[in-house]
Amino acid sequence: MSAVAGLLVTAMVTPALAVTGLAANNSIGVFENLPSYIKPDALAQTSSIYGKNEDGSNVLLASFYEQNRQTVGWDQISQYAKDALVSTEDPRFYVHGGVDVQSTFRALVGNVVSGGISSGASTISQQYVKNILVQRAEAIDDPAQEQAAYAEATAQTTDRKLKEAKLAIGLEKEYSKDDILLGYMNIALFGGRVYGIQAASQYYFGINAGELSLPQAASLIAIVNEPEALRIDLDQEHTAANRARRDLDVLPSMLKEHTITQAQFDEAIATPVTANITEPSTGCQTAVHGAGFFCDYVKKVIEQDPTFGGSADERDKNLATGGYQIYTTLDMKLQTEADETVKYYAPYDATNLDLGAVLVTVQPGTGKILSMAQNKNFSEEPDAPADATSINYSTDSKYGGSTGFQVGSTYKLFTLIAWLQSGRSLGDIVNGANGQKYDLASFENTCGGDQNGPYQPNNDAGEPGGKASVLTQFEESINNGFITMQQSLDQCAIRDVATSLGVHRADGDPLSTYVSDGLGTNEIAPLTMAAAYAGVINGGLFCTPVAIEKVIGADGNPVPVRQTECNQAVDPAIARAASYAMQGVVQSGTGAPGNPRDGVPHAGKTGTNDNEESIWLVGGTTKLVTASWTGNVTGHVSIRHTVIVGPGSGPVSGGNTRLYMWRNFYKDVGDSYGGTTFATPSSDLLTGRSEPPRVALR
């Protein structure tokens, strides 16, 4: 049929153009010399990010698109929609060869006489060709070139119609009728940024294309004739115009072509056009249960992954057009609890400080980020209200986060591990007395340079301190006890322990190794601390945090993405000893108010920075490890000396917010995931010497 159509169109076009003198403008040559083949391009499709429910079902967090489109297969489209399109737009679709010769001849004669294009007679194949050319034009990055290509693809000229005709003939030589019809239904514009029958079905009626009823299918097919004038999401005038097109053209055409019965026709005519507009999830601000920050983190991971393009601009465009289905590690059960807990205890803002709060959870042994919540709503709007921000307090600055927060005494875990690695034990006696003076020159720092002068740190709350075991100093978080330990260590060894567990500054600068850094003055993201602690609790096996389980491309094939990388950062025996010490912190030490006391073993470490501007509790179970942080986003207000009234809680001392958030998260949901006991360390790591290590105290 295509070959015959080509011959007949050439035979008809040539004399018709010649009679009017149009041969002089080379229209005949245009037809004869046109390429005869066009291959449909990969369509711009919506990319979507998903979390996961407890039952394994996926939860849509957000979608990204330039054109709201989801390509579907033949069996995923209602037969009513297929019949409506063919009956209305091209009743002879299944018998012609790409060009309907009879209709084309009549249209050409009329157009030649009128001197323009007053009648199209375009078949579905020709309309498909036009859409392919329009899509190619819109994919051009250069604005001037895009405009020129679009004008050429849509020009109301005989040359353009001839080009469409020949390409449609060639198209039908390569593809089946059903493939062409399917391609057209996936590419067609249905108003606004809604493209393709699936996105149109979801947007206008909130259902999939395969579920369309006869009246719904007829309403959608009515739109393709004039997508902006006949859409049903604007006002009553547009809806009335759509119904007129549906009732006077689409449904009568279906009845005429015998694709519906008289009874079906009568019932459909009597059915009003009733839209159920379902706005697509456009961007991370639509993510449920406070998952916008996690969603944005995933987006930024993709935008920095060369797998998705050679440049930042290319990766951003590919995310909006590539049709990726991105399945993440987010556990919606944990995310919901984390979001509710943070917002229960920490208000969006407070009258006397710019308050931030975070709960972020990592799975030991896999590095999977299971929840990421904070006490704000996610928004990228420049005029966002005070309760919203685009800054993710959980992550590094390059992933949309802040520049990090001083981690306080949570950093002491790395000093403890370096102490044990040096051949010492938890039972060693060290002096944690308050008021000690140290000579900075007495501290070894092989990678950070010499320090000089006196140093006199205070214990966190002014505790008198004194001589006690390292285990006790850790459980009670005595600053001078750890400075005493640091004086027997190379400061770089402490830094190296932290680095081996993935610890790095959130602003990208190197970890510093000043003596004061042992008390947590480096600014680090909560996610980083959660992952490091998960490594220790997991027997010293550290796994880099990951947010993406898998990505499926528009072609249905997996897209390679970065996986977690695990390494034995700490000797298992030493990791067990450190975890044992962390268990004491939660059972009877500074973290005791955060202990859920529900029968599941917990371990962790508290932290408070100078001036009490940031407070922490990091740790958890062998199944889940969580960083709980509360602090100043900006400003220098003491959290400990501030009474905080959360949206759902009564007045709470600011110093307890990190403890109560952590406790309730585990007690209400987290501990339902279980957790094994923490082993007692070997005797050589547990039992101390009779004499304290010799250090130079002043």
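What the table below lists for this structure:
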| quantity | calculated |
| --- | --- |
| Heavy-atom surface of the chain, accessible at 1.4 Å and reported per residue (Å²) | 40 Å² |
| Accessible surface of the stretch 564-647 [probe 1.4 Å, protein heavy atoms]: carbon and sulfur percent | 47 percent |
| Cleavage-rule hits, trypsin sites (Lys or Arg not before Pro), the stretch 406-460, DSSP coil, Cβ neighbours within 10 Å at most 11 | 437 |
| Taking the chain and dividing mean pair separation by its residue count, relative contact order in percent (alpha carbons under 8 Å, at least six apart) | 13 percent |
| Cα-based helix-to-principal-axis angle, 412-421 vs the chain, degrees rounded to 10 | 70 degrees |
| Share of carbon and sulfur in the accessible heavy-atom surface of the stretch 158-202 [1.4 Å probe, %] | 45 percent |
| Length-normalised contact order for the stretch 213-284 - Cα pairs under 8 Å, 6+ apart - percent | 32 percent |
| Set of aspartates and glutamates with alpha-carbon distance to residue 166 below 14 Å, sequence-local pairs under 8 removed | 32, 100, 174 |
| Long pairs among 300/376; 300/368; 550/605; 299/667, criterion Cα-Cα beyond 28 Å | 550/605; 299/667 |
| Dmax and Rg, reported as Rg then Dmax, of the stretch 527-644 (C-alpha, Å) | 17.8, 57 |
| Those lysines that a straight Cα-Cα span of less than 20 Å connects to residue 467, excepting residues fewer than 8 apart in one chain | 412, 437 |
| Of every Cα-Cα pair in the chain, the percent that sits beyond 49 Å | 35 percent |
| Where chymotrypsin sites (Phe, Trp or Tyr not before Pro) in DSSP loops with at most 13 other Cβ within 10 Å are excluded, longest remaining stretch of the chain | 95-698 |
| Largest to smallest principal axis extent of the C-alpha atoms in the stretch 203-253, angstrom | 26, 26, 15 |
| Cut-off under 5 Å, modelled amide H: who pairs with residue 645 long-range | 652 |
| Distribution of pairwise C-alpha distances over the stretch 200-318, 10 Å bins, in % | 13, 30, 22, 18, 14, 4 |
| Calculated from backbone phi, Karplus (6.51, -1.76, 1.60) coupling profile of the stretch 588-593 in Hz, x at Gly/Pro | 9, x, 5, x, 4, x |
| DSSP bridge orientation in the chain - percent antiparallel, rounded to nearest 5 | 80 percent |
| Residues whose placed amide H lies under 5 Å from that of residue 549, excluding near-sequence neighbours | 327, 328, 329 |
| Cysteines without a disulfide-compatible partner [the chain; Cβ-Cβ under 4.7 Å] | none |
| Förster-model FRET efficiency, 35 Å R0, residue 139 and residue 275, C-beta, rounded to 0.05 | 0.70 |
| Computed over the stretch 578-662: relative contact order in percent, which uses C-alpha pairs under 8 Å that are six or more apart | 23 percent |
| HN-Hα J in Hz across the stretch 548-564 - Karplus 6.51, -1.76, 1.60, θ = phi - 60°, x for Gly and Pro | 10, 7, 7, 10, 10, x, 4, 7, x, 9, x, 9, x, 10, 4, 9, 5 |
| Sulfur and carbon atoms: percent of accessible area, the stretch 271-384 [1.4 Å] | 46 percent |
| Nonlocal amide H pairs with residue 282, under 5 Å, H built at 1.01 Å | 63 |
| Residue-by-residue Karplus 3J(HN,Hα) for the stretch 257-262, coefficients 6.51, -1.76, 1.60, Hz, glycine and proline x | 8, 6, 8, 9, 8, 4 |
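The values are calculated or read from the model by the stated rules, or taken from the named source; none is laboratory data. Please read these numbers as outputs of a predicted model, since none were measured by experiment. Cβ coordinates were reconstructed from backbone atoms using ideal geometry, including for glycine residues, and neighbour counts include every protein chain displayed. With ligands, DNA and RNA removed, areas are computed over all heavy atoms of the protein, side chains included. Shrake-Rupley method; radii C 1.70, N 1.55, O 1.52, S 1.80 Å.
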